[in-house]
1. Loop only per DSSP, at most 15 neighbouring Cβ atoms within 10 Å: give me the GluC sites (Glu not before Pro) in the range 1-72, ordered by residue number.
2. How much length, in nm to one decimal, is gained on full extension between R50 and Q91, taken as 0.36 nm per residue of separation minus their Cα-Cα distance?
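Taken together, the values in this text are just the output of simple stated rules run on the coordinates, not laboratory data. For clarity, every value in this text was computed on a predicted model and none was experimentally measured. Cβ placement follows ideal geometry from the backbone for every residue including glycine, while neighbour counts extend to all protein chains displayed.
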Amino acid sequence: MAPEKSPDAFRTISEVARELDLPQHVLRFWETKFSQIKPMKRGGGRRYYRPGEIEFLQGIKHLLYVQGYTIKGAQKVISEQGVRFVNECWQDGFIEAGSRPEDVQPVDASPEIPEAAKPLDTQPVTAEPLRSERETVAVARATVAEISPDMKSALRSVLTELRDARDMLQSIQQGQS
C-alpha cells in the first residue's frame, strides 16, 4: 500500500472522486459549470487538484446534494457569498442555514406564527410592501433550520424521486422528438 499523502499534496481526479464519493465525470462536468475549478493538467490531460479546490468541490457537493441547490443556484451562492463561504459550508459546525454568521438572527424558542402562515380568512387585507429577496431567503432558511433530521431525510428522498421522474419525462420527450 502506498504511503498516505500530505494534506497539502495535489490529488488526482480518481483520488478526489473516491474522497468525495462522486464519479469522475461529475468532477469534469463541474469544471465546465464552475470557473473556480481549475485543476492543474499534466501530460495526457491528467488532472491534479489543489487542496483548496477539493474544499471547494466538497462545498459544491454540499450545496447540490445536501442543500438541494441547482447548478444555477449554486453559482448564485458563489457570486453572492463568495468562494470562501462555499469552501466552509460543508464543514461541521458551519451554520446550516447557509448564511454568514453575522446574517443569522437568533431564533425565538416559541416563535409567533407569521402572518403569512395564518389561514387566509384571518389575515387583514393591507397594502404591505413585499419582503425583499434577502428577507424571504432568511425566513426560508430559518424555517429549514427548524425541520427535524428525519423530516429533512424524508424531504431529500422525495426530492430525489421528483428529480428521477423529471429526468424520465425528459428522456421520454427527447425520444418522441
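1. Working: sites: E4, E15, E19, E31, E53, E55; in loops: E4.
Passing sites in the range 1-72 are E4.
2. Numbers: separation 41, 0.36 × 41 = 14.76 nm, distance 1.78 nm.
Length difference between fully extended and current span is 13.0 nm.
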